[in-house]
Amino acid sequence: MRKILIVLTAIFSLGSAHAAELTVDEIVTRANNRSYYQGKDGSAKASMVITDAQGRTRQRQLTILKLNVVQGGDQKYFVYFHKPNEVKGMSYIVWKHIGKDDDRWLYLPAMDLVRRIAASDKRSSFAGTTFLYEDISGRAIDLDSHELASSDEAFYIIKNTPKDAGVVEFSYYTVKIDKNNFVPMKAEYFDKSGKLYRTIEALEVKDIQGYPTVTKMKATDLNANANTITEFTAIKYDVGVQDDVFTERYLRTPPQQWLRE
C-alpha cells in the first residue's frame, strides 16, 4: 500500500509540475485551439437573443460552418441567417489569416449586394448584436502581448494588450481560462481609461464528440446596458465541409445540404 501511495504521489507531482511549467504563450495557444480549432471542420446551429437597455428582445437564428485550413492557423467560416425575415438569406464569409488582416464578405439579399468588410470594421457589431465581427472567428493571438495576471487551482487569468493600440477601442482585456480543459470562461475588456465596458462569458460547456465545447455564451455591452445570449445546438465536428463552400458563389446561393433545420 505504501508503495502505491508513493507512486500515486509521484504521478500527481509530475502532473502539477508539468502544469506549472506551461508558459503564458502555451496557455494562450491551448485556449485558442480549444475555442476555435477543435476538429478538422464543424457545423452548428445558433440561436441569438438580443436584449436592449429597455428589456426589449430580438432574435437571430443561423447556421455556422468552419474549416481549418491549417491547424492552429488559417481558417474559413460561413454564417447563414435563417430568421427573422429582416435578416433571412444574409450570409457572411471569413477567411481568417495568421500574420495579416482577415478577409470578410457580407451578402445583403435585399440589395443583392456582396459587401467586403474592411479590416477597420472588424470591431463593429455583428448583425445588430453585442457580438463583434471579430468574435465570430476569433482574434488572432499574435495581435496581442500576453502575460499571466494571476493563477489559482482552477483558473489562469491572462492579460492581453494590443500591440497596435491605435486600431482597437480597448486598452487591454483579460481572459479567465479553465485549467482543467483550457476553455476560456470569461473575457473582460477595458477601455482607454481602464474602465470595464464589455464582457463575453461562457454560460454552459458540454462534451461534444470528446471536445469540451461552449454551448451557451453571453456578450454584454456595459455602456449600452445590452446583451446577446447565444445557444449552440446540433454541434458536429469532422463532418466533411468542403473548401468551395467558403466562396462568393455560396454567399448568393447558400449550400443547402448544410442549412437544413
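Any residue that is basic (K, R) and not in a strand (DSSP E or B) - is there at least one of those in segment 211-234? Spell out how you get there, then give the answer.
Filtering segment 211-234 for residues basic (K, R) gives 216, 218.
Checking which are not in a strand (DSSP E or B) leaves us with none.
Checked against the condition, which is being basic (K, R) and not in a strand (DSSP E or B), segment 211-234 yields no hits at all.
Listed residues V245, V239; which is β-branched (V, I, T), assigned to a loop (DSSP other than H, G, I, E, B) and over 30 Å from K195 (Cα atoms)? Steps first, answer last, please.
Details: V245 fails: assigned to a loop (DSSP other than H, G, I, E, B).
Just one listed residue meets the conditions, V239.
Within the set of pairs 6 or more residues apart or between chains, which connect a residue that is on the phi > 0 side of the Ramachandran plot inside segment 180-205 to a residue that is in a strand (DSSP E or B) and modelled with pLDDT under 95 with Cβ atoms less than 7 Å apart?
none
So, S120, is that one outside any strand (DSSP E or B) and either closer than 30 Å to K179 by Cα or in contact (Cβ under 8 Å) with a residue 40 or more places away in the chain (or both) or not?
Criteria met by S120.
I200: in contact with a Pro (Cβ under 7 Å, 6 or more places away or on another chain) and either part of a strand (DSSP E or B) or among the hydrophobic types (A, V, I, L, M, F, W, C) (or both), yes or no? Lay out the reasoning, then the answer.
On the way: in contact with a Pro (Cβ under 7 Å, 6 or more places away or on another chain): no; either part of a strand (DSSP E or B) or among the hydrophobic types (A, V, I, L, M, F, W, C) (or both): yes.
Against the criterion (in contact with a Pro (Cβ under 7 Å, 6 or more places away or on another chain) and either part of a strand (DSSP E or B) or among the hydrophobic types (A, V, I, L, M, F, W, C) (or both)), I200 does not qualify.
If you go through segment 199-241, how many residues are crowded, with 17+ Cβ neighbours inside 10 Å and farther than 19 Å from G138 by Cα?
Qualifying residue count for the region: 3.
Within segment 135-161, track down each residue that is in a helix (DSSP H, G or I) and not β-branched (V, I, T). Steps first, please.
Looking only at segment 135-161, we keep the residues that are in a helix (DSSP H, G or I), and these are 135-137, 141-143.
Across segment 135-161, the qualifying residues are D135, S137, D142, L143.
Inspect segment 125-146 for any residue being of a type in the set (D, E, K, R), touching a helix residue (DSSP H, G or I) at 6+ places or on another chain (Cβ under 7 Å) and surrounded by fewer than 19 Cβ atoms within 10 Å (Cβ to Cβ) and give the result as yes or no. Walk me through how you get there before you give the answer.
Within segment 125-146, the subset of a type in the set (D, E, K, R) is 134-135, 139, 142, 144.
Filter once more, so that each one left must be touching a helix residue (DSSP H, G or I) at 6+ places or on another chain (Cβ under 7 Å): none.
Looking for residues that are of a type in the set (D, E, K, R), touching a helix residue (DSSP H, G or I) at 6+ places or on another chain (Cβ under 7 Å) and surrounded by fewer than 19 Cβ atoms within 10 Å (Cβ to Cβ), one finds none in segment 125-146, hence no.
Does L196 meet the test of being closer than 21 Å to F170 by Cα, among the aliphatic types (A, V, I, L, M) and surrounded by fewer than 18 Cβ atoms within 10 Å (Cβ to Cβ)? Steps first, answer last, please.
Numbers: closer than 21 Å to F170 by Cα: yes; among the aliphatic types (A, V, I, L, M): yes; surrounded by fewer than 18 Cβ atoms within 10 Å (Cβ to Cβ): yes.
Considered against the rule, which asks whether it is closer than 21 Å to F170 by Cα, among the aliphatic types (A, V, I, L, M) and surrounded by fewer than 18 Cβ atoms within 10 Å (Cβ to Cβ), L196 comes out as yes.
If the requirement is being crowded, with 17+ Cβ neighbours inside 10 Å, at pLDDT 95 or above and not in a strand (DSSP E or B), which of these qualifies: A44, A31?
Checking each option against the conditions leaves just A31.
Would you mind telling me which numbered condition in (1) under 19 Å from V94 (Cα atoms); (2) touching a residue at least 60 places away in the same chain (Cβ under 8 Å); (3) loosely packed, with under 14 Cβ neighbours inside 10 Å D244 fails?
All conditions are met except number (2).
The values are calculated or read from the model by the stated rules, or taken from the named source; none is laboratory data. Here the structure is a predicted model, which means the values were calculated and not measured. Ideal geometry is used to build each Cβ from the backbone, glycine not excepted, and the neighbour counts take in all protein chains shown.
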